[in-house]
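J.: Got a structure here, written out as structure tokens. Questions coming.
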Amino acid sequence: DAVEHRGGDVTSDTRIAYTEQPYVLNGGIAIHGSSDTAATLSIDPGVVLKLNTTDGITVGWPTGEKGRIVADGTAMLPITFTTNLSPVRGAWRGFEFYTASPASSLKYCTIEWAGNGNQRSIDLNRAAAAFENCTIRKGLGGAISVHDPGAIATLTDCALDNFTTYGV
């Protein structure tokens with residue numbers, strides 16, 4: 001059993017609530033408001049998101065629209081981002097961040113089997129994101145790429161495990 005969602009644009013504050021079944025996304029998610037106001041996707045502790053697509057999760061937009069993800073799990077109820085397809089490196093795109101303010105937050109998250117688009121599980125482009133107690137593993141290429149002016153990645157007590165090239 002699963003809760004199916006088509007994916008798509010998140011243009012206003014939205015919450016993904018915990019259920020005992022995983023969420024299966026049949027398309028990627030793009031989180032973006034306007035150039036003045038961010039749209040925030042909040043994910044409850046314990047949520048499992050399985051991508052049934054090779055798409056990924058885009059936070060903010062390259063044209064300046066602001067977006068933010070707050071995926072703050074707990075030690076007892078971590079949040080998981082994974083594939084619903086065959087578990088292979090690069091099964092889904094991963095995360096692309098384009099917004100420096102407000103910063104995104106991921107705590108007690110597992111991100112696995114990502115990296116098909118740019119061979120990185122997480123790509124920070126002029127963006128800021130804080131990762132705490134996260135496990136990023138089994139991706140294609142590298143774990144995290146931080147580039148462009150203003151890009152900031154803060155990692156606290158995170159594990160980057162089993163990549164084909166680099167960690168950060």
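J.: Please list, in chain and number order, the residues 5+ apart from ILE16 or on another chain whose amide H is under 5 Å from its amide H, with Hs placed from the backbone.
T.: When sequence neighbours closer than 5 places are left aside, the close amide H contacts are SER42, ILE43, ASP44.
J.: Mind telling me which of LEU77, LEU51, LEU25 comes out most flexible in a GNM of the chain, alpha-carbon contacts under 10 Å?
T.: LEU77
J.: Carbon and sulfur atoms: what percent of the 1.4 Å accessible area of the range 97-154 do they account for?
T.: Its accessible area is 46 percent carbon and sulfur atoms.
J.: Determine the sum of side-chain charges near THR110: Lys and Arg each +1, Asp and Glu each -1, restricted to other residues whose C-beta is under 14 angstrom from that of THR110.
T.: For residues surrounding THR110, the net value is -1.
J.: Something else now. Could you work out how far the C-alpha centroid of the range 14-35 sits from that of the range 40-69, in angstrom?
T.: 6
J.: Aspartates and glutamates near LYS50 by alpha-carbon distance under 16 Å, same-chain residues fewer than 8 away left out - which ones?
T.: ASP1, GLU4, GLU20, GLU112
J.: Provide the gained length on full extension for the span ASP1 to SER86, in nm with one decimal, where the gain is 0.36 nm per separating residue minus the Cα-Cα distance.
T.: Extra length from ASP1 to SER86 when fully extended: 28.8 nm.
J.: Long-range amide H contacts for THR58: which residues qualify at under 5 Å (H placed 1.01 Å from N, peptide plane, sequence gap of 5 or more or a different chain)?
T.: ILE29, ALA30, ILE31, GLU96
J.: Once you've got the GNM for the chain with C-alpha springs shorter than 10 Å, pick whichever of ALA75, ALA151, ALA114 has the biggest mean-square fluctuation.
T.: Looking only at ALA75, ALA151, ALA114, the biggest GNM fluctuation is shown by ALA75.
J.: Could you compute the net charge surrounding THR74? Neighbours are other residues with a C-beta less than 15 Å from the C-beta of THR74; K and R count +1, D and E count -1.
T.: -3
J.: Residue by residue, what Karplus-based ³J(HN,Hα) values in Hz, rounded to whole numbers, does the range 82-97 have, using 6.51, -1.76 and 1.60 with θ = phi - 60° and x for Gly and Pro?
T.: Running phi through 6.51 cos²θ - 1.76 cosθ + 1.60 with θ = phi - 60° gives 8, 9, 9, 8, 4, x, 10, 4, x, 5, 9, 5, x, 9, 10, 10 Hz.
J.: Of the residues ILE16, ILE111, ILE79, which exhibits the maximal mean-square fluctuation in a Gaussian network model of the chain defined by a 10 Å Cα contact cut-off?
T.: ILE16
J.: Same structure again: Whose amide H sits under 5 Å from the amide H of THR135, counting only residues 5 or more places off or on another chain, with H placed in the peptide plane?
T.: Close amide H contacts, sequence-distant or interchain: CYS109, THR110, ILE111, ALA159.
J.: Moving on to the next point. With θ set to phi - 60° and the Karplus curve 6.51 cos²θ - 1.76 cosθ + 1.60, what are the ³J(HN,Hα) couplings of the range 151-168 in order, to the nearest whole Hz, using x for Gly and Pro?
T.: Going residue by residue, I get 6, 9, 10, 10, 10, 10, 6, 9, 10, 10, 10, 6, 10, 7, 10, 10, x, 10 Hz, with x marking Gly and Pro.
J.: Which net charge results for the neighbourhood of THR37, defined as the other residues with beta-carbon distances under 13 angstrom from its beta-carbon, given Lys and Arg at +1 and Asp and Glu at -1?
T.: Result for the neighbourhood of THR37: -1.
The values are calculated or read from the model by the stated rules, or taken from the named source; none is laboratory data. Just so it is clear, the structure is predicted and the values come from calculations on it, not from any experiment. All Cβ positions, glycine included, derive from the backbone under ideal geometry; neighbour counts span all protein chains shown. Remember, those area values only see protein heavy atoms, side chains included, never the ligands or the DNA or RNA. Shrake-Rupley method; radii C 1.70, N 1.55, O 1.52, S 1.80 Å.
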